[in-house]
Amino acid sequence: APVKDQDAEPLIVSINDRGELFLNLGADEKQALELATIRQRVAAVLRRTPDKPVLVWGDQKVAYVDVVVVMTALQEAGAPKVGLVTESPAGN
């Protein structure tokens, strides 16, 4: 079977209504992760693929300041810019 081209897919960090963080990368995308873990994993991907898009999706109940904290961490991980997802990502 052909391997799916994951380089074309953006990295998406999701924040649910309880403030739990998820990353669409790895075997278990539904496992909540610490922000430091997400920052490390995103940095590793961006070292290999510096132009990979990085996006944040936050539940409507999440405080804006929490979204900004995540966006700042992603920029510290090497993302030149971080976008916002306007629709709920599949599976969340």
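For residue 57, the residues whose modelled amide H falls within less than 5 Å of its own, excluding neighbours fewer than 5 places apart on the same chain, are 13, 14, 15, 85. The GluC sites (Glu not before Pro) of region 22-82 that DSSP puts in a loop, and whose beta carbon has at most 10 other beta carbons within 10 Å, are 34.
Label-to-label distance, residue 66 versus residue 9, with points set 7 angstrom from Cα along the beta-carbon direction: 2.5 nm.
Taking a spot 7 Å from the Cα of residue 17 along the direction of its beta carbon, which residues of region 53-90 have an amide N less than 12 Å from it? Output list for this probe position: 59-62. In the chain, the DSSP-assigned H stretches of four residues or longer account for a calculated mean residue ellipticity at 222 nm of -9500 deg cm²/dmol, using -39500 (n - 2.57) per stretch and the full residue count as denominator. Whats the longest run of the chain with zero trypsin sites (Lys or Arg not before Pro) that are DSSP loop and have at most 15 other Cβ atoms within 10 Å? Longest site-free region, per DSSP loop and neighbour criteria: 31-60.
With a 1.4 Å probe and all protein chains left in place, how much of the accessible area of the chain comes from carbon and sulfur atoms, in whole percent? Carbon with sulfur: 51 percent of the solvent-accessible area. Residues in region 72-78 carry Karplus couplings, in order, of 5, 4, 5, 5, 5, 6, x Hz; the curve used is 6.51 cos²θ - 1.76 cosθ + 1.60 with θ = phi - 60°, and Gly or Pro positions show x. Against the chain, whose longest principal axis is taken from its Cα atoms, helix 35-48 shows a tilt of about 30°.
The values are calculated or read from the model by the stated rules, or taken from the named source; none is laboratory data. The structure displayed is predicted, hence computed values, not measured ones. Every residue, glycine as well, gets a Cβ built from its backbone with ideal geometry; the counts of neighbours run over all protein chains shown. Accessible surface areas use protein heavy atoms only, side chains included; no ligands, DNA or RNA. Shrake-Rupley method; radii C 1.70, N 1.55, O 1.52, S 1.80 Å.
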